[in-house]
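Okay, structure first, notes after.
Read the figures in this text as sums done on the coordinates, not as results from a lab. Fair warning: this is a prediction, and the values are worked out from it, not measured in the lab. Don't worry about glycine lacking a Cβ; one is built from the backbone with ideal geometry, like all the others, and counts go over all protein chains shown.
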Amino acid sequence: MAADPNKFAIFVNSPQNMRHVVGIANAAVKAGKQPMIFFTYKAIHLTKDSRFKALADMCGEENIAICADSYTCEGYDSVADIPAGLSNKQMRTQAFHGAQLEECGNYIVL
Amino acid sequence: MKILQVYRSEPNNDIKTLVGILNRDREADEFNLNVENPDYDMLVAKIIAADQTVCWW
Amino acid sequence: MESLKVYFLIANRMYGDGVRSGLGLAVENHYAFPVIMNGAFPPFSTYMKDNIAWVKDMEGSVYSCGAPSPDTCVDEEGDKLIEEISLEELGEALRDADYIIPYGLPKQTNEPPLSCAA
């Protein structure tokens, strides 16, 4: 599959860039792009940020996910404590990052 | 090849060296995220225009 | 989908997870190159060593840039699993990368206290 120029990937692995994640995702939507966001490693703590649910709702179920292993490693319960705005289908693996690389014509790391 | 260098913090000497090599003979642009109110619309436009974006720590 | 060359730059001692993230792409048929910068090595648990060996098996490589490759990360024959690369060599290699991922946090300027030193 060729990368879609209308999809915009944000690969989030730092826990200190939520304002940039939200700012870039909103700007991407304004520019007519579909954000596709993956939170991994210590960035999964950002799921507890009050802005996370609105971000998840904006992206939609197919286009936002977190690394379930990272979430569990950091002490959260990946069965009983699914982050607000997500379903258990969005508790994913690093393969979601692979899908970002393959599907998105635009890409930034935060 | 259009490359965009984005900085989340002040780049150190290692980053400056790598950026110098990466930008050689290429059309290069940059964006500083390490400000109070980044212009995210401008950043997204630059990412869309670039072939590759590197967002440094 | 063509296989992509993806470099993970690891500058912070807490971000050895970049090796796992690289391995995650390697098993998706991409080429992963985690680079540990300036001796910010993670603890070399059996899990970490296995991941580094697996990245190599998948035609990627784990590099050390700016510090000697550690003697504590070797294969069963005693050969070092991590290759050394200079900053200039890394820059040239990155020119050929499809994606460059500065992973996690920048390097700390202060030493960690004993309570969290690896």
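Within region A:35-51, the set of residues being charged (D, E, K, R) and within 14 Å of chain C (Cβ to nearest Cβ) comprises just one member, A:Lys42.
Filtering region C:30-59 to residues that are out of contact with any Lys or Arg (no Cβ under 9 Å at 6 or more places or on another chain), part of a loop (DSSP other than H, G, I, E, B) and surrounded by 13 or more Cβ atoms within 10 Å (Cβ to Cβ) leaves C:Phe44, C:Met58.
Once region B:1-45 is narrowed to residues that are in a helix (DSSP H, G or I) and closer than 17 Å to A:Val22 by Cα, the residue that is farthest from the other protein chains (Cβ to nearest Cβ) is B:Met42. For region A:1-23, the set of residues classified as outside any loop (DSSP other than H, G, I, E, B) and out of contact with any Leu (no Cβ under 9 Å at 6 or more places or on another chain) consists of A:Asp4, A:Pro5, A:Asn6, A:Lys7, A:Phe8, A:Arg19, listed by residue number.
Here B:Leu43 passes the criteria (1) more than 22 Å from A:Ala3 (Cα to Cα); (2) crowded, with 19+ Cβ neighbours inside 10 Å; (3) aliphatic (A, V, I, L, M) except the one numbered (1). Filtered by the rule that a residue be among the hydrophobic types (A, V, I, L, M, F, W, C) and not in a helix (DSSP H, G or I), region C:88-116 gives C:Ala97, C:Ile100, C:Ile101, C:Leu105, C:Leu114, C:Cys116. Scanning region A:52-76 for residues that are away from every other protein chain (no Cβ under 14 Å), outside any helix (DSSP H, G or I) and not aromatic (Phe, Trp, Tyr) yields A:Gly60, A:Ile64, A:Gly75. Of all residues in region C:24-51, those satisfying the criterion of being among the aliphatic types (A, V, I, L, M), more than 10 Å from the chain's Cα centre (by Cα) and over 20 Å from C:Cys116 (Cβ atoms) are C:Leu25, C:Ala26, C:Val27.
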